[in-house]
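The values are calculated or read from the model by the stated rules, or taken from the named source; none is laboratory data. Computed from a predicted structure; not experimentally measured. For neighbour counting, all protein chains shown are included, and Cβ atoms are generated from backbone atoms with ideal geometry for every residue, glycine included.
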Amino acid sequence: MLLVMLLAVASLIVVAAAAIILPSDLGRRLVYGASAMVSALVLVDGGWQLLAGRFPQEMVLPLTLPWLGAHFRLDALSAAFLIVVNLGAAAASVFAIGYGRHEDAPNRVLPFYPLFLAAMNLVVLAGDAFTFLLSWELMSLASWALVLAHHRVPSNLRAGYVYLLMAGFGTFALLLAFALLAGPAGYYDFAIIRASGHPSWVAGLVLALALLGAGSKAGLVPLHVWLPLAHPAAPSHVSALMSGVMTKVAVYGFVRIVFDLLGPPDWWWSMPVLALGGITAVMGVLYALMQHDLKRLLAYHTVENIGIIFSGLGLALAFKANGMYVAAALAMTAALFHVLNHMLFKSLLFFGAGAVLTATGERDIERLGGLIHAMPVTSFAFLAGSLAISALPPLNGFVSEWLTFQAVLLSPDLPQWGLKFLVPGVGAMLAFAAALAAACFVKAFGITFLGRARSTAATNAHEVDRFSLAAMLGFVVLCVLAGTLPGFVIDALAPVAHLLAGGTMPTQATIPWLSIVPVAQARSSYNGLLVFVFIAVSGSLTAAVVHRCASRAVRRGPAWDCGFPDASPITEYTAGSFAQPIRRVFGTIVFQARESVSMPRPGDTAPAQFQVSLRDLIWDILYLPIAGAVGYATERLNTLQFLTIRRYLAVVFITLVGLLFALAVAP
Amino acid sequence: MIREAAIGLAIPWAIPWAIQGAQMAVVLLLAPLLIGFIRKIKARLLRRQGPPLMQMYRDLVRLLRKEVVLADNASWLFRVIPYVIFAATWVAAALVPTFALGLTFSWSADLIAIVGLLGTARFFLALAGLDVGTSFGGIGSSREVMIASLAEPALIMIVFTLALIAGSTQLSTVAGIMQTAQIGLRVSLALALFALIIVAIAENARIPVDNPATHLELTMVHEAMVLEYSGRHLALIEAASALKLLLYISLIACVFVPWGLAAPTATPRALAVGFGTYIGKLAFGGALLAVFETSIAKMRVFRVPVFLGGALMLALLATVLMFVTRVR
């Protein structure tokens, strides 16, 4: 029920207040324990409401503006995103019970953590523009405080600064969007906005502003620059929340505005969404390949996955505008399924990165290696997460990718020529991103967990506490379940897809053998469970036969390595050398990657040097000029501070005349 | 054959199950023979005697019987990976129609899922290259993922083209529709075939991209990743790569030359014809590959992206053509 959810949010705020006064050890247990329980409660409630389908539920509380009141509203869309938010929050809280013990400044984390959770819940529950924006800003500020938890690290300060600027920009864009939606009468209530029609130019502007506002929070290229700085700077459980959950709240904001409040779409709305989605997916993963900081690599992968989600949303817009409601439901379901999947595996991977950080104190994978021996459970969980995010069957990432491809395959029936050229391009970009993601996670898992230890920190690593392991293994199980039994997820999302896209996919529960069928059985079907069982059975059968009938002898010996003697771990492949072929193939264009070798002459004792330089073109071309222009303008305007009184008076006079003139000219 | 038909007459659902079971056995049994055949032809083209056709079976049996020598720091993952690779490749190969359509489980994984299964196998193979922490393993893995990053999207675009022509991503349905004459000759189909051949060469580590017969560090990709494997593990990986080659030839055969494939409700005679033509197609494909490999030199590693980028562009062009020629 909506009341239960609001009470839960209120209790989170109380916990946040309590965390300020409690001593840190008790505070940690209380904050994370209470957050886990409250999130689990809202999760169960949200799931129950979604299955029962008692929508919409509304409530007005006498808060915020006195003549407006705070509207709260629960419909299928809110319920689905509440499940995503609180599932992620519950697991992050359980993880943090163990992980938070290693926090050196717990009082900079504990009060803001429940506040952050409360704000994300409020955004999803908000039923008017004012409450929405207030909660959105609270979410930004709480997470900003968490980003600055380790404020003595210089790079974190920069991350916090960039994040604050981008968050402010994003909220400003959303503010303008809602101002346009409110119309001349100034209605804040979502119900009235939804009921009133919007002229085409208003709708176009609102779409652009929603892409800027929600897109900057979600991490759409080129608005993603804050994300890979801010997400890794926060403590790992907060990184998991920011990457896995907060970006989903941003997706919710976009969906709420564009699919719900804005009314029936025009076909051209899908063009910018699709194009940005495809570019974001490819750019995100290419950036990720160049990273060797584990958490930053994961953050760039969030950018990639947001691209996949927005591609699905763009397809849904295109289908809906052309009256193909079943296809729209398919694309929408694919996007929402990917929202859930990405929350699952990205949280899991950030937990793994947090566990590695706890065990070794290192985020730089060039100094790790061989952790699979010391941390078997963590490495298993991270491997499962890597398989899932690389969209490999039979795990869950593949299912949403497959559904998106099925939606692409329905799009030749779209009549517009622009879409006929754009959609196959986006399909190719998604396939390209998926292949590169697999490459990137071979690197991330292989360099971190396999091979030999590259530093003493990695040699002395140890497995982490049981709370962290429980959170990771729980999400591994969910990744496998969502991958092998996707039909249940699709059915649960059916009311959301119906609400937003106007159609429904076939009911999956009625299909034999728990297969999933996007449109029709003859067209395509997939059965994750059977694929999983086939691989497991044929693999174990082979192992049994080989061990029984052939040989089971094992002898340990030094590595063969083509007969070379065992050298030190320095000769191992590193993250940089692993990515070198891909950097040479794609990076020379995208990042202007240049390699320079300086080899001293024979007899010279100077060390040989190899340098790689990469340029972030988006930063250099888009952001540096803006920063330069702002700097230039402030320097020019600075002179206004040092004028004489006569000049100030003149300025006042000229302004007055100008305003009067404007009044006279205006109708 | 007669007995099978009798069972089929008594219980009709038994035929697809029998076909599915036979398919699993056939791909496993024929794959080493295909490798032996290609090696034989290549040797004869070079005027050598060459190893006997059955040599790969002997190699596999010998490897299976030998003990495994594991590197000191090899992890549990290193020992599990051969079984995973073999199982994933075998399942994928069992889902591509070879001699008959209407495999019982063809609906459980469509063409995209088959591509995904091969991706899973490759993911684990690349991890195996990194596990022991030698530089050869690393060089193999990093080149493999670079090649895959272009080959996989090309393959997906080829799948899109086929799916748009046939209106389905189910491989059995696609092959069934390709058998009917109404498809005719299409530009998209030709582009897709060309792209698929390039992808098949790259994915199977054949000559212009990689050399399966060399242990020269600067030229090897696949061999570098499996350098640390021995005994039964190596046998499984070799069998998996043979299965993969068979899979690609079967895939090209069943989509582009589907004639002879037995229908789901086939008579024993049709099944025999299907099997005979399948053997013929395999032999023809293998012979073509051997001739091609003998007549061309291996290219530099950084020429491979150009080669594969060509395949990607061809496949994308084929898909775009399918999009723009469909007018509602």
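Against the condition among the β-branched types (V, I, T), at pLDDT below 95, within 14 Å of the chain's Cα centre (by Cα) and assigned to a loop (DSSP other than H, G, I, E, B), how does B:T104 come out, does it pass?
no
Suppose we filter segment B:106-128 for residues that are closer than 21 Å to B:L162 by Cβ and of a type in the set (A, V, I, L, M, F, W, C); how many remain?
Result for segment B:106-128: 9.
Mind listing whichever residues of segment A:500-533 are under 13 Å from A:Q406 (Cα atoms) and more than 8 Å from every other protein chain (Cβ to nearest Cβ)?
A:M505, A:I516, A:V517, A:P518, A:V519, A:A520, listed by residue number.
Considering only segment A:585-604, how many residues are basic (K, R) and in contact with a strand residue (DSSP E or B) (Cβ under 8 Å, 6 or more places away or on another chain)? Reasoning before the result, please.
Residues of segment A:585-604 that are basic (K, R), as a first pass: A:594, A:601.
Checking the rest, the ones that are also in contact with a strand residue (DSSP E or B) (Cβ under 8 Å, 6 or more places away or on another chain) come to A:594.
Number satisfying all stated conditions: 1.
Exactly one of (1) of a type in the set (A, V, I, L, M); (2) surrounded by fewer than 18 Cβ atoms within 10 Å (Cβ to Cβ); (3) in contact with a helix residue (DSSP H, G or I) (Cβ under 6 Å, 6 or more places away or on another chain); (4) touching a residue at least 60 places away in the same chain (Cβ under 8 Å) is unmet by B:L261. Its number?
In the conditions (1) of a type in the set (A, V, I, L, M); (2) surrounded by fewer than 18 Cβ atoms within 10 Å (Cβ to Cβ); (3) in contact with a helix residue (DSSP H, G or I) (Cβ under 6 Å, 6 or more places away or on another chain); (4) touching a residue at least 60 places away in the same chain (Cβ under 8 Å), B:L261 misses (2) alone.
So, in segment B:111-139, how many residues would count as being over 14 Å from A:A438 (Cβ atoms) and within 15 Å of the chain's Cα centre (by Cα)?
Looking only at that region, the number is 4.
Of all residues in segment B:135-166 being at the interface with another protein chain (Cβ under 8 Å from one of its Cβ atoms) and touching a Ser or Thr at 6+ places or on another chain (Cβ under 8 Å), which is surrounded by the fewest Cβ atoms within 10 Å (Cβ to Cβ)?
Ranking the qualifying residues of segment B:135-166, first place goes to B:S135.
Rundown of residues vs (1) closer than 30 Å to A:A593 by Cβ; (2) assigned to a helix (DSSP H, G or I); (3) in contact with a His (Cβ under 6 Å, 6 or more places away or on another chain); (4) at pLDDT 90 or above, yes/no style:
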| position | (1), (2), (3), (4) |
| --- | --- |
| A:R615 | yes, no, no, yes |
| A:W619 | yes, yes, no, yes |
| A:L624 | yes, yes, no, yes |
| A:R647 | no, yes, no, yes |
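Can you tell me which of (1) over 29 Å from B:L271 (Cβ atoms); (2) assigned to a helix (DSSP H, G or I); (3) not acidic (D, E) is the one B:L60 doesn't meet?
The failed condition is (1).
For the structure I just gave you, tell me whether B:A100 is surrounded by 24 or more Cβ atoms within 10 Å (Cβ to Cβ), facing another protein chain (nearest Cβ under 7 Å), more than 28 Å from B:M299 (Cβ to Cβ) and not charged (D, E, K, R).
So B:A100 does not fit the description; no.
Go over the candidates A:A91, A:A52, A:A96 one by one and state the one that is more than 30 Å from A:L26 (Cα to Cα) and among the small types (G, A, S).
Details: A:A91 fails: more than 30 Å from A:L26 (Cα to Cα); A:A96 fails: more than 30 Å from A:L26 (Cα to Cα).
Being more than 30 Å from A:L26 (Cα to Cα) and among the small types (G, A, S) holds for just one of A:A91, A:A52, A:A96, which is A:A52.
Looking at segment A:30-46 only, could you name the residues that are surrounded by 24 or more Cβ atoms within 10 Å (Cβ to Cβ), modelled with pLDDT of 95 or more and among the hydrophobic types (A, V, I, L, M, F, W, C)?
Within segment A:30-46, A:V38, A:V42 meet the criteria.
Are any residues in segment A:410-427 free of Cβ contacts under 8 Å to residues at least 60 places away in the same chain and more than 7 Å from chain B (Cβ to nearest Cβ), and if so, which ones? Spell out the reasoning first.
Kept after step one, since they are free of Cβ contacts under 8 Å to residues at least 60 places away in the same chain, are these residues of segment A:410-427: A:412, A:417, A:420-421, A:424, A:427.
Hit for segment A:410-427 is A:W417, nothing else.
Residue by residue, here is whether (1) under 13 Å from B:S75 (Cβ atoms); (2) in contact (Cβ under 8 Å) with a residue 60 or more places away in the chain; (3) away from chain B (no Cβ under 13 Å) holds:
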| site | (1), (2), (3) |
| --- | --- |
| A:D364 | no, yes, yes |
| A:L371 | yes, yes, no |
| A:F380 | yes, yes, no |
| A:I389 | no, yes, no |
| A:P394 | no, yes, no |
| A:G397 | no, yes, no |
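Looking for something in contact with a Phe, Trp or Tyr (Cβ under 8 Å, 6 or more places away or on another chain), at the interface with chain B (Cβ under 7 Å from one of its Cβ atoms), farther than 30 Å from B:L321 by Cα and among the β-branched types (V, I, T) - is there at least one such residue anywhere in segment A:432-444?
The answer is yes, given that some residue of segment A:432-444 is in contact with a Phe, Trp or Tyr (Cβ under 8 Å, 6 or more places away or on another chain), at the interface with chain B (Cβ under 7 Å from one of its Cβ atoms), farther than 30 Å from B:L321 by Cα and among the β-branched types (V, I, T).
Output the number of residues of segment A:555-597 satisfying the condition of being surrounded by 15 or more Cβ atoms within 10 Å (Cβ to Cβ), facing chain B (nearest Cβ under 8 Å) and outside any helix (DSSP H, G or I).
4
Specify the residue that is surrounded by the most Cβ atoms within 10 Å (Cβ to Cβ); the eligible residues are those in segment A:518-540 that are out of contact with any helix residue (DSSP H, G or I) (no Cβ under 7 Å at 6 or more places or on another chain) and of a type in the set (A, V, I, L, M).
A:V533
Which numbered condition trips up B:R44, out of (1) within 21 Å of B:N204 (Cα to Cα); (2) away from chain A (no Cβ under 14 Å); (3) part of a helix (DSSP H, G or I)?
(1)
Select, from A:A482, A:A550, A:A492, A:A536, the only residue that is closer than 20 Å to B:T89 by Cβ and touching a Leu at 6+ places or on another chain (Cβ under 7 Å).
Answer to the check: A:A550.
For B:V27, state whether it is farther than 30 Å from A:L450 by Cβ, assigned to a helix (DSSP H, G or I) and not small (G, A, S).
Taking the combined requirement at face value, the residue satisfies it.
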